[in-house]
1. Given the pairs A:Lys90/A:Lys302; A:Lys417/A:Lys495; A:Lys594/A:Lys634; A:Lys376/A:Lys514; A:Lys417/A:Lys539; A:Lys54/B:Lys453, which are separated by over 25 angstrom at their Cα positions?
2. Considering the dipole of the range A:672-759 built from charges on the beta carbon (Lys and Arg +1, Asp and Glu -1) around the Cα centre, which of A:Trp735, A:Leu704, A:Phe682 is farthest to its positive end?
3. Using +1 at the Cβ of each Lys and Arg and -1 at the Cβ of each Asp and Glu in the protein assembly as shown, identify which of B:Gln339, B:Trp249, A:Trp106 lies farthest towards the dipole's positive end.
4. Beta carbons within 10 angstrom, averaged per residue: use that to sort the peptides A:199-208, A:562-571, highest first.
5. May I ask for the equivalent-ellipsoid semi-axes of the range A:328-405, computed as the square root of five times each C-alpha gyration tensor eigenvalue and listed largest first in whole Å?
6. At a 10 Å Cβ-Cβ cut-off, how would you order A:Tyr795, A:Tyr553, fewest neighbours first?
7. For chain A, with the dipole built from +1 on Lys and Arg beta-carbon atoms and -1 on Asp and Glu ones, taken about the Cα centre, which of A:His650, A:Ile344, A:Gly752 lies farthest toward the positive end?
8. Sorted by average packing, counted as other Cβ atoms within 10 angstrom per residue and highest first, what order do A:269-275, A:409-415, A:541-547, A:242-248 take?
Amino acid sequence: MNICQLALAGIFLTSMVTSLRAQAPAKDSEFFTQNIQPLLREYCLKCHSAEKHKGDIDLESFSSVDQVKKNPKLWLTVAEQLGHNEMPPKEKPQPTAAQRAQLLEWATHQGRPAAAKAIDWDHARTYWAFQPPLIQPRPKIKDAHWPKRELDYFIRAAQEKQGLKPGPAAARSTWIRRATFDLIGLPPTLEEIDAFERDTQPDAFARVIDRLLASPHYGERWGRFWLDLARYADDEGVSFLTPSPNAYLYRDWVIQALNRDLPYDQFIRLQLAGDEITEPTNDWFERLGGLGFQGLGPQFRKGAAGEAKAKADELEDRIDTLSRGVLGVTISCARCHDHKFDPIPTRDYYSLAAAYNGAAWSPRLFASPEAIAALKKWEAELAERKARLKQFAASESQRLGSIELTRVDAYLISAWKLQVLKSRGQPADPIAAAQREKLTPHFLNQWIQLLAGGKAPAPLKEWLVIADPSAKSAVVKDGAVEVPVALLAQTEKLKATVAAARLEEEHRKSQPDKKATPASAVIQELLTNPGVPFGAGEKEAVALLSGEPQKQYRQLLQALEQFEKMAPPTPLQSPSVSGGGQPMNVFVRGNPEKLGEPAPPGFLKILSERTATKVETRNQFSRLDLANAIVNPKNPLTARVIVNRVWHYHFGRGIVASLGNFGHLGDRPTHPALLDTLSVRFMESGWSLKWLHREIMLSATYRLGGVMETRNLAADPDNHLLWRMTPRRLDLEAWRDGMLAVAGRLDPRLGGPSLDPKNPGVKQDGLPGYSSMIGPHADDPAQGRRTVYCIISRYAPNPTMGLFDFPEPNVASDRRTVTTIPQQQLFVLNSQFVHTMAKGLAARIEQPATSEEDRLRLAWRLAYGRLPDARETKLALLFLRSAGDGGTGQLTVWEQFCHSLLASNEFTFIN
Amino acid sequence: MSLREALARCGHGVGMLGLAGLLGTESHAGTAASGGPLALKPPHFPAKAKRVIHLWMNGAPSQVDTFDPKPLLAKYAGQRPEATTTLTTENNTGGLMPSPFAFKKHGQSGLEISELFPNVARFADDLCVIRSMQTDVPVHESSNWMMFTGSIQPNRPSYGSWLLYGLGNENDNLPGFIVLGEGLPVNGPSNWSSRFLPGIYQGSQVTLPRVYQPQEVIPHLHNEHLSSANQRRALDFTQQLNQLHKDRWGSENAFNTRMQSLELAFRMQTSAAEAFDVSQESESIRELYGLTGPDSNFVATIPGQSTVDRALFGRNCLLARRLVERGVRVVQIYCGKGQPWDTHSQNTDGHRSLARAVDQPIAALLQDLKQRGLLDETLVLWGGEFGRTPTTQGADGRDHNHYGFSVWLAGGGVKGGMAYGATDQWGFRATENPVHVHDLHATMLHLMGLDHKRLTFRHGGRDYRLTDVQGEVVKGILA
C-alpha cells in the first residue's frame, strides 16, 4: 500500500493501517532476535564475525533490526547467496530447508523493503469475469427461422460471423436417447421412444423434458455431478480405513435438493451455513443435511506430523473446493503467495478462510435445537432414573447387610461348620443350614466362599487364626460339628467388636456432616466395600428384597421401563460443520507457524465491493456471511459459473471451457453475451436449474445432429461454435446404469446407505481385508443399484471405477477426464459384469420375439434405441450363423451377439 | 497388427458384405500409434535411466547396522552425548548402542557394508550409498507419503505417476507403474495414488501368492466364457459394428481410439500374462533369485510385525526384472506387508532375519540386470522412509530417525562404489551434504531425463511439481 492510497483510504482503514505500522517495529525486532539471530549465529558467524569477517562481511555487527535496515544491499547479497545455495559453503553445516527458506525470505525482505507489488484495483475490475453480467440484446441474424429459444440467436449469430451453417437436426430417436441420458443417466424405454416418435404435437419435445425433469432419477444423475465437485466420499481417507458415519445422508440430501429444484442460491447457502439460517423451518434434514459439503472434506493426520499444518491443509481443502467449485476462481495458491495472475492477494485468502477458521468438522444431529434439547433432556433423565434405581438397590443391600451384621457370630459359626463337614467329606448343605439358623443364604454363601478362599478382611484375622486349627481338630458326631470353646470365645469377641463398630456407625450417620469422618475399618471391610461378606451387588440385592422395599423397587423399575418407551425419535447424524468465523493472521508463505499481518475477515476484495459485503466493520466473518456474499446477485461469478457447468454437461464443453477457472489463466468465453444473458435470466427465474435445462434442451442448438461436415470441420475443428452436437462417451455411471437398464437388471430404488461396506462383496485380487472393507462394487453384477450408490473410498479407491475415469475423491473434481486405455477394454471383453449384462439382454429378447430377425431388431432397439439397417441386419445374421456355442459355462451365440452390442461404440457413445 | 490387418485377417465374410471396400476408404483406422495419455513423450534432455525399480524396506532399516559404519558407537556405548539427546524422535531413547554387525570394505572402491548384506556387498562397486538422507518427521505414514509423493499429507501424486505423466509408457500391453508386495503396506494405496493427475497414472498393485495363474494377474485378463477363437470372432463382429457406426456418424477420433484400444486389450491377454509367467525362467535363474534352493523356505519373523517370505520377495525381484525388460516404467517392491523393518525392539534379531530374506534376491536382481545389460538404464533404489536411532529404545530396539539415514542407488546413471554425504560421528544427524527426499526426487527425475522444475501439472489454479518448491539435483552422485 503506497502513501497515496493511504491518504485516500477511509478513516477506519487509515487507523487500522496506522495501528499496524505502530506494531510493526516491535514485532520486527522480536522476530530478528528470536528467529534470525540464532540462525546467523549457527550458520554464518563462524566465518562472518567481527573477528573473522571473511569476504569483508561482518554479520555480527548487526545487533538490532534498525542496523539491519541501514544496509539493505548487503542483505540482498545474503539472500542471493542463500538462494543459490552458495552459502553456507557445501562443506559446512547446512541449515534445514525450512531454516534456509525462513532466512531467505527475511533477507529478501530486508533487501527490497518496497518490493511488494500493489494491485491496481480499478484496472483489475475491468476484467470480464469481474464485471456483473447483464442481459444482452438479441443479436440480429439472417437465418431467422432457425432459432427456437433465445440462446439460438447468439449461437447462430456467431456461426454466421464465421460463415458456418449448422447441420441438420438429429433424428427423434437420437434426440430422445441424448436427452434421456443427459437428464436421468439412463436410456429411454421402448415405450418412451415409440410415444415420442408418434407424437406430432408441437410440444412433444417439451413434454419429454418435463417428464424427465420430474423423474426422481434426475437428482441421481445431476447430484453426481455436484458430488464430483464436493469430493464426496464415504470415508476420511488417511492411513487407515475410517468410515464417515452416514456420509450417504449428504449424498441423498443433494439428490433430493435437485429433485425438488431447490433454488441454486439456497442450495449453496444451506451447504455452507444451513445451521446459521432459519429457513426452511419445518425440515431439519433439509436445513442441515447439506453441511456435509464441508464436513465430509478430508481430515488430515495431526499428532507428530503437526497439528497446525494439518489444520491449515484442511482449511485449504474447504477453500479450494468452494472457490473452484462455486466461484470459478482459484484461491488456494494465495495461501502462500499473492495470486500471480488474478487480483487475489494472500491476505484475501486468510480473510476468506476466517469463515472456516476454528470450525469443527464433526457429526451433527439433523433436528431442531428444541428436539435435540428434548433428546438430551430425556437421555439425562434416563441416566438419572437408572442411577436412582441402582442407588435404591445399593442402599437396600446395605440396610439388609447391616441387619445381618448383628448376627455375624451365627454366620461365622455356620460357615465354619459347613467348611469342616465339607473337608470330612460329609454332607454340607448351606441352604438347609441357612434355613435352620434363619440366615440369609446369599450372605452365608459369601461367608463360605470367604473361608474357602483363606483370605479374610482385617477384623477377622484373629478369629481365623483360632478357626483354622479348630477346623483341623474339630469333632464331628452324627453329622454335627462341635464348636471348640476357644473358637466360641473368639467369635464372641469379634461379635462385640462388630457391635461396637455398628454403634459408632449409627452415631456417625446421625452427624450432620457424616462425610467428615469415614466409616470404621470394620464396617468398611464387612459391609460397605465392594465384594465384602455382608455386601450385595444390584442384582443380588434385588433378589433379597421383600415386602415394601420390593414393592417400591418394582414401581421404580416399571416407571423406568415406561420412561424408556417415551424415547423421542433419535435424529439422523452425519459429518457436518459447526463454528468458524474467527479472524486469522496471514501465514507467511503458507506456514502456519509463522504468523504475518492480521487479515481482516471478509470476502475477496475484488468481489466484495460488488456484493457490498462490508465486513471490514466487524471482526467476524461467519459461514453465513460467506454464503450470502457468494449468492449475492451482484456477485459476477456465481450464476455464470453454474450456468456454464450445466452447459458443459449438455454440450460436452462449457462456454468457458475451464469450468473452475474464470480467471486470467482460464479460457475466455466463446459466447460471452450468451453466457451473460443466460446467467441473468437464470437468476431472474429464481435460480432454477430445471428452468435452465428446459431453456437449453428445447433449443435448436441442442437439437442438432452429430454428423461431421467437412467445411465446418475445417473452419472450427473443435466445434466451439456448436454447428453440430459432438458425440460424447458415456461416463462411468451412465454407462454402467445404462447397461443394467438394457439388460433388465436395474434396481431403481432411491437413496439409502452406500452399498453395505461390511458385505464381503467382490474379491479384489489377492488383497485380504481390502475387499471386505469396500463391499459390492460397480463391477459386481449382482448389484443392480445405480452407480451413484456405490461406496466411495478415499482410503482404497475402487480400481474399476478409477479405470473408467471416476475422479479422485480427495479433491474437488471439475470435470471427468476421458481416457481410453486397454484395461478398460479388458473389462468390457472379459468382466463378469459385462458378461452378465449380455446374458440379461439375451434373455430379454428371447421371449417376446420368435424369429431371428425380430429378435435382433428388438436387441437393436433396446441397446441403441433404433432399428438396424439392411447392412447391419445382414452382418448380424452372418455372425449369428457363423458363431458357435462354446458349450457349458460358455456364452451362447445370442449372448455373444448381445455382448458385442454392449461392447460396441454405438452403445458407449451418445450422439 | 493394425486394426485393418486384424479385420482382414480374422473377419471372414467381410468381403461378402462389402465391408472391405468400406474399409478401403477409411483412412483413420489403425493408423495412429496409440496417442493416448500413456503415449511415449520425449524427456526434457537425454535420459540416463529409463526405468525405476524401488526396493522398499517398509518400516525403516537402521543405517548404523547396514550402510553407515560408526565405529565410535562401540567406544561410547551406553553414553548419552548431547548431540543425541537434543534430537527428538518418536519415542524416548537411551544411550548409544553399537551395531553388533561387523563392517568390511568391499570391491575396488572399498565401500563399507555390514555383514548383513554379504551378497549385495558383491556389487559394492555398483552402489551409490547416500548416507546423509533427511526427511521431515519421524512418523511412518507421513514419511511414506514424503518418499512416494513428496508431501507429508496424502494429497499429492506419487512419483511413479509423475514419471508416467512425464514420459508415458514403453509397453502398450502392461500398466506402466506396478507395485509388488505381499499385501497392503502402511498407508495402503495412497502410496501409489495419482491424486489429481489422471487416474491412468496410478500404480497397479499386484499381490501374488506363491502359486498363481499368470492370466489372472491383471484384472479381467482372462475370458472365462469364450474360447480364444470365439472371442476373436465376437470381437470381429463388434469391430464390424463399430465400422458401420463410423460410417454412419463419421470418423471421430474417439471412435477410432476405442477401436484400437479393443485390439490392444485383446493382445494384452496373452502378452501381459506372459510377462508374469516366471515358469518361463530357467532353473538357474529361479535358484539365483531364491525361488528354489537351500534357503527358499526361509520366512523372516520380526516380533510384532508381519513376516517376510524370502521366496516371495525373490519372486517379486524376478518379476521386476521381467517387467522392466518389457518396458514398464516404475516397479516398486514392498518388503512384506505392514512395516516389517520397524524394529523398536529386538533390532539385532530383526535386522538379521530381514536381511537374510532380502540380501540374496537383491543381489540376484543386480546380477541379472547387469548380465542382460539392463542395469545401465534401470535405476535401482533401496531404502525406507527414514532411518533408525543410534541410541537404544528399550533394551534392544532402535527408534525412528528422520535426521539422518541411508539409501542406496545403483545403475541408471549414478556413480557406483561411492558413499555420498555423511552423518555425525554417531550416525544420528546428516551433517555433510544433507540430501532431503525432495533432492532425491529431483535427482531421480533428472536421471530419467526430466527437469523437476519443468515437470508440472496445473491443478486448482497452480502448477504442481513432485518437489513442490524444493529439491536440488544431487550432482555429486551423477556418473
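1. From the list (A:Lys90/A:Lys302; A:Lys417/A:Lys495; A:Lys594/A:Lys634; A:Lys376/A:Lys514; A:Lys417/A:Lys539; A:Lys54/B:Lys453), the Cα-Cα distance tops 25 Å for A:Lys90/A:Lys302; A:Lys594/A:Lys634; A:Lys376/A:Lys514; A:Lys417/A:Lys539; A:Lys54/B:Lys453.
2. Highest projection toward the positive end goes to A:Trp735.
3. B:Trp249
4. For the peptides A:199-208, A:562-571, the packing ranking is A:199-208, A:562-571.
5. Values: eigenvalues 748, 49, 10 Å².
Its equivalent ellipsoid spans semi-axes of 61, 16, 7 Å.
6. Fewest-to-most Cβ neighbours within 10 Å comes out as A:Tyr553, A:Tyr795.
7. The listed residue farthest towards the positive side: A:Ile344.
8. Those peptides, ordered most packed to least, come out A:269-275, A:409-415, A:242-248, A:541-547.
All of the numbers you see were taken from the coordinates with simple rules; none came from a lab. None of these values were measured; they are calculated from a predicted model. Ideal geometry is used to build each Cβ from the backbone, glycine not excepted, and the neighbour counts take in all protein chains shown.
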